[in-house]
1. How many times 2.2 N^0.38 Å is the alpha carbon radius of gyration of the chain?
2. Anyone know which of 45, 70, 18 comes out most mobile in the 10 Å Cα GNM of the chain?
3. What full-extension length gain, to one decimal in nm, is calculated for residue 13 and residue 38 as 0.36 nm per residue of separation minus the Cα-Cα distance?
4. For the chain, what is the mean residue ellipticity at 222 nm derived from helices alone (per DSSP H run of n ≥ 4: -39500 (n - 2.57); sum divided by total residues; nearest 500 deg cm²/dmol)?
């Protein structure tokens, strides 16, 4: 089973600008963000059964940044679906 998610880059950029605790900069200058991803038992009204949030370890709060769907892949597919 594969998963396809969509992440709001506007929200992520805002977290980077705010120097959110989940955002880190590596020695090579690349910026990383830690995300929590989980699969829900039931899909929402749009068919999304995956949720993506950024967790703030300092405040114990999380911010929703995306969602997604599970899908069965075509066995002949060789490239990423994006």
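1. Ratio of Rg to 2.2 N^0.38 Å for the chain: 1.28.
2. 45
3. Separation in residues times 0.36 nm, less the Cα-Cα distance, equals 6.8 nm.
4. Details: 1 runs with 9 residues, N = 82.
When only DSSP H runs of four or more count, the value is -3000 deg cm²/dmol.
Only the coordinates and a few stated rules stand behind these numbers; no lab work does. Everything numeric in this text was worked out from a predicted model, so none of it was measured.
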